[in-house]
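Single-structure report; data block below.
The values are calculated or read from the model by the stated rules, or taken from the named source; none is laboratory data. Computed from a predicted structure; not experimentally measured. Every residue, glycine as well, gets a Cβ built from its backbone with ideal geometry; the counts of neighbours run over all protein chains shown. With ligands, DNA and RNA removed, areas are computed over all heavy atoms of the protein, side chains included. Shrake-Rupley method; radii C 1.70, N 1.55, O 1.52, S 1.80 Å.
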Amino acid sequence: MGSPLSTEVEPEPAAAAEIFGDRIALARQFTDALAEHGEERGLIGPLELPRLWTRHILNCAVVAPLLRPGKVGDVGSGAGLPGLVLAIARPDVAFTLIEPMERRVTWLNEQVAELGLDNVEILRARAEEAPRYGFDQVTARAVSAFRKLVPITAPLLRLGGELVFLKGAGAQAEIDAASKELRKHRVHDVEVIVLGEGVLAEVTRVIRATVN
C-alpha cells in the first residue's frame, strides 16, 4: 500500500485559469481524465498525481505562446503531453500528434473526441517513419536526448521551421553535446528559453532552434 500522498490529485493551482484563459474548462476536463485513468492505462505513474497540474499540465501549457499559427507536429505524444495540452491552449494551431504505441494512440483519439478538439489529428508512427509533413514547428517532451531528437525531427520541418523541445535543467548541456548533429541537419539559432518564472513552482525550459 502506498501513502495517501501517492494517489492524491493535486488541487488546481491559481495560475491555471490565468494560463488557459477561456480554455480552462477543457484543461480541467483533460486533467481529470488523466488523473482518473492515466495510471491504470500506463500513461503516468501514481507518484505524478500530487503534481499533475504543476509538473505536467502547466509545465506544457506555458509553452503555448511560443507557437505560431500553422502546422505543429508533436513527436512521442504519449499521454498528450505536450500535444493535447497545447492543442487545448492554442485552438488556432493545427496539431499532428505522432505516437507509435497503439494503446497511447487509442487514448489520444478518445481524448480528442471527448474534448471536441477539431485542430488535432493523430498519426500512429515513429517520427522516423512519419511522412515529411513540412511542419512549421515540432515539439517534444521527455522523448530523448537533444542530440538524438535532432536527426529524427529536423527532417519533419519546412525550411525555416522551428524545433521547440521541453527540457530539464540540463538543457544547455544537451545542446553542447549535440554540436555534430546541429551542423549536419542545419540547425541554427539554438537557445534555451525559461518559462513560467514567478508563475509556476517549477519553471519550464525549452530548447528552441531553427532549421534551414
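Some values worked out for this structure:
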| read-out | value |
| --- | --- |
| So E191, is it of a type in the set (D, E, K, R), open to solvent by less than 50 Å² (accessible area, probe 1.4 Å), modelled with pLDDT of 95 or more and closer than 21 Å to V72 by Cβ | no |
| Selection from region 143-185 of residues that are of a type outside the set (K, R) and within 21 Å of E197 (Cβ to Cβ) | V164, F165, L166, G168, A169, G170, A171, Q172, A173, E174, I175 |
| R183 farther than 19 Å from G73 by Cβ and touching a Leu at 6+ places or on another chain (Cβ under 8 Å) | no |
| Boolean, L86 is among the aliphatic types (A, V, I, L, M) and within 12 Å of the chain's Cα centre (by Cα) | yes |
| Residues satisfying the stated conditions in region 109-146, i.e. basic (K, R) and under 17 Å from the mean Cα position of the chain (by Cα) | R124, R126, R141 |
| Pair list, Cβ < 8 Å and 6+ apart or interchain, from region 89-102 residues that are within 14 Å of T153 (Cβ to Cβ) to residues that are at pLDDT below 95 and open to solvent by less than 20 Å² (accessible area, probe 1.4 Å) | I98/A127; I98/A130 |
| Check on T106, among the polar types (S, T, N, Q), more than 16 Å from the chain's Cα centre (by Cα), at pLDDT 95 or above and not in a loop (DSSP other than H, G, I, E, B) | yes |
| The one condition in (1) in a strand (DSSP E or B); (2) at pLDDT below 95; (3) among the polar types (S, T, N, Q) that T54 fails to fulfil | (1) |
| Residues satisfying the stated conditions in region 121-135, i.e. closer than 13 Å to G76 by Cβ and among the hydrophobic types (A, V, I, L, M, F, W, C) | I122, L123, A125, A127, A130 |
| Tally of residues being basic (K, R) and either farther than 12 Å from E162 by Cα or without any contact (Cβ under 8 Å) to a residue 60 or more places away in the chain (or both) across region 62-85 | 0 |
| In region 54-75, residue surrounded by the most Cβ atoms within 10 Å (Cβ to Cβ) [restricted to those that are closer than 18 Å to F135 by Cα and in contact with a helix residue (DSSP H, G or I) (Cβ under 7 Å, 6 or more places away or on another chain)] | D74 |
| Residue within region 102-121 that is open to solvent by 30 Å² or more (accessible area, probe 1.4 Å), touching a strand residue (DSSP E or B) at 6+ places or on another chain (Cβ under 8 Å) and under 29 Å from L34 (Cα atoms) present | yes |
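Each row is one residue, and each column tells you yes or no for (1) open to solvent by less than 30 Å² (accessible area, probe 1.4 Å); (2) more than 30 Å from E102 (Cβ to Cβ); (3) not in a loop (DSSP other than H, G, I, E, B).
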site	(1), (2), (3)
A17	no, yes, yes
G21	no, yes, yes
A27	yes, no, yes
F30	yes, no, yes
R41	no, no, no
I44	yes, no, no
L47	no, no, yes
